There are 2 protein chains.
Amino acid sequence: MQLESIERLILAFSTLPGIGKKSARRLTFFLLDHDPSLGKNLSEALLGVYESIDHCPQCGFYKTREEPCSLCSDLHRDTASLCVVSKIQDCIAIESSNAFLGQYHILGGTISPLDGVSPKDLRIDALFQRIADGSFTEIVLALDATVDGETTAQYLYSHLDGSDLRITRIAAGIPFGTELEYTDRITISRALNMRRDFSR
Amino acid sequence: MQLESIERLILAFSTLPGIGKKSARRLTFFLLDHDPSLGKNLSEALLGVYESIDHCPQCGFYKTREEPCSLCSDLHRDTASLCVVSKIQDCIAIESSNAFLGQYHILGGTISPLDGVSPKDLRIDALFQRIADGSFTEIVLALDATVDGETTAQYLYSHLDGSDLRITRIAAGIPFGTELEYTDRITISRALNMRRDFSR
């Protein structure tokens, strides 16, 4: 009654995040019940992504193996400002906001003493090298508003402070569309501390 | 910024049931962030399932291409009783209960005038042929307790009634672990109509 290849597919699906044994069964039987092209397409797309996707050695973003990095090689982007993020997804999120048109540096994580992640485990030396070699005038620290993100920002700031560079960080405050009543007090306290003069 | 092979994988994941665009992105970036063997294994498992899995021409259950059907060829199973279900998953559910050790026949759906599914679209002719050829003494109708399941059961019963066969159906009633207070009235009414003499 146990068909090995079905069990193997269920197991493979259940290694993915948010997919338990039950969802994995449902996906497997869905594929078996439908046109094989669906599953074959997924299979090819999986291989294709490993065959074609690489990391840019400079910024750390995804790039295709054949072409140069779409971010670093974009001549329309400002070469004087560098945005430091922890993950590739953060870079994608910032790009989708269209609010930054400079260069990126992806650290590959945040400093986390509890999880045993030290500065050496991240692309921090590469960042300092890039700053030393480059013509940047501003470094934007766009790290998570979490304890680890804060630790990482403080670490970077302590090493970059004193140079001619302008070191900035993205604002902490009330997220768009949120009512004050339901906002936690740390966010409110940060938003108050970061208050600015009102202008039209 | 749009990397074609990443977009393709996101799209392929989002064709699966219960996986929206956001989950598909999360799965894709999870795979890109982890050991490629995870995704390659999923890719191979997907192809493997199509290469190795077939349907048993007799009962309709999954079988490997090389071997005979694990249900039909099992000599320990009773050949006198035949359980009729609509879907393969129903067969798996019954098998996991260990309460039936006879033969199966999977219809491939239920009669549904609203969805345009007529008896001709299901493996009903094959069922009648199998009953005519076989040595069955009991046909167990194990169809969903839904309108379409009921329609299908009535249709089969109307064609099989009058023969020497014992036609039975699985009981409708209160599911295990349920409180009467929270049970819908149709279930309660069916459970009452199907009441049996109390025995220790």
What do you reckon, is A:SER23 within 30 Å of B:PRO68 (Cα to Cα), over 24 Å from the mean Cα position of the chain (by Cα) and either in contact (Cβ under 8 Å) with a residue 40 or more places away in the chain or more than 7 Å from chain B (Cβ to nearest Cβ) (or both)? no
B:GLY102: passes all of (1) surrounded by fewer than 16 Cβ atoms within 10 Å (Cβ to Cβ); (2) touching an Asp or Glu at 6+ places or on another chain (Cβ under 6 Å) but (1)
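Can you confirm whether the range B:122-135 contains a residue that is assigned to a loop (DSSP other than H, G, I, E, B), more than 14 Å from chain A (Cβ to nearest Cβ) and polar (S, T, N, Q)?
Kept after step one, since they are assigned to a loop (DSSP other than H, G, I, E, B), are these residues of the range B:122-135: B:122-123, B:134-135.
Still in the list and also more than 14 Å from chain A (Cβ to nearest Cβ): B:122-123, B:134-135.
Adding the requirement that they be polar (S, T, N, Q) leaves B:135.
Yes, the range B:122-135 contains at least one residue that is assigned to a loop (DSSP other than H, G, I, E, B), more than 14 Å from chain A (Cβ to nearest Cβ) and polar (S, T, N, Q).
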Scanning the range B:5-18 for residues that are more than 21 Å from A:GLY109 (Cβ to Cβ) and either in contact (Cβ under 8 Å) with a residue 12 or more places away in the chain or at the interface with another protein chain (Cβ under 8 Å from one of its Cβ atoms) (or both) gives B:SER5, B:ARG8, B:LEU9, B:ILE10, B:LEU11, B:ALA12, B:PHE13, B:THR15, B:LEU16, B:PRO17, B:GLY18
When the range B:71-99 is checked residue by residue, the ones that are part of a helix (DSSP H, G or I) and either surrounded by 21 or more Cβ atoms within 10 Å (Cβ to Cβ) or more than 12 Å from chain A (Cβ to nearest Cβ) (or both) are B:CYS91, B:SER97
Residue hits (the range A:118-127; more than 19 Å from A:CYS91 (Cα to Cα) and touching a residue at least 24 places away in the same chain (Cβ under 8 Å)) are A:PRO119
Within the range B:32-70, of all residues that are within 7 Å of another protein chain (Cβ to nearest Cβ) and of a type in the set (A, V, I, L, M, F, W, C), the one nearest to B:GLN129 (Cα to Cα) is B:ILE53
Note on the range B:4-56: residues surrounded by fewer than 18 Cβ atoms within 10 Å (Cβ to Cβ), assigned to a loop (DSSP other than H, G, I, E, B) and not charged (D, E, K, R) are B:SER14, B:THR15, B:PRO17, B:GLY18, B:GLY20, B:HIS34, B:CYS56
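Where residues in the range A:136-155 are hydrophobic (A, V, I, L, M, F, W, C) and part of a helix (DSSP H, G or I), which of them is nearest to A:ILE88 (Cα to Cα)? Show your work before the answer.
Going residue by residue through the range A:136-155, those that are hydrophobic (A, V, I, L, M, F, W, C) are A:136, A:139-143, A:145, A:147, A:153.
If we keep only those that are part of a helix (DSSP H, G or I) too, we end up with A:147, A:153.
Working: A:VAL147: 19, A:ALA153: 17 Å.
Out of the qualifying residues, it is A:ALA153.
Bear in mind that the values in this text are calculations on the coordinates, not laboratory data. All values derive from a computational prediction rather than experimental measurement. Heads up, the Cβs are rebuilt from the backbone with ideal geometry, glycines too, and the neighbour counts pull from every protein chain shown.
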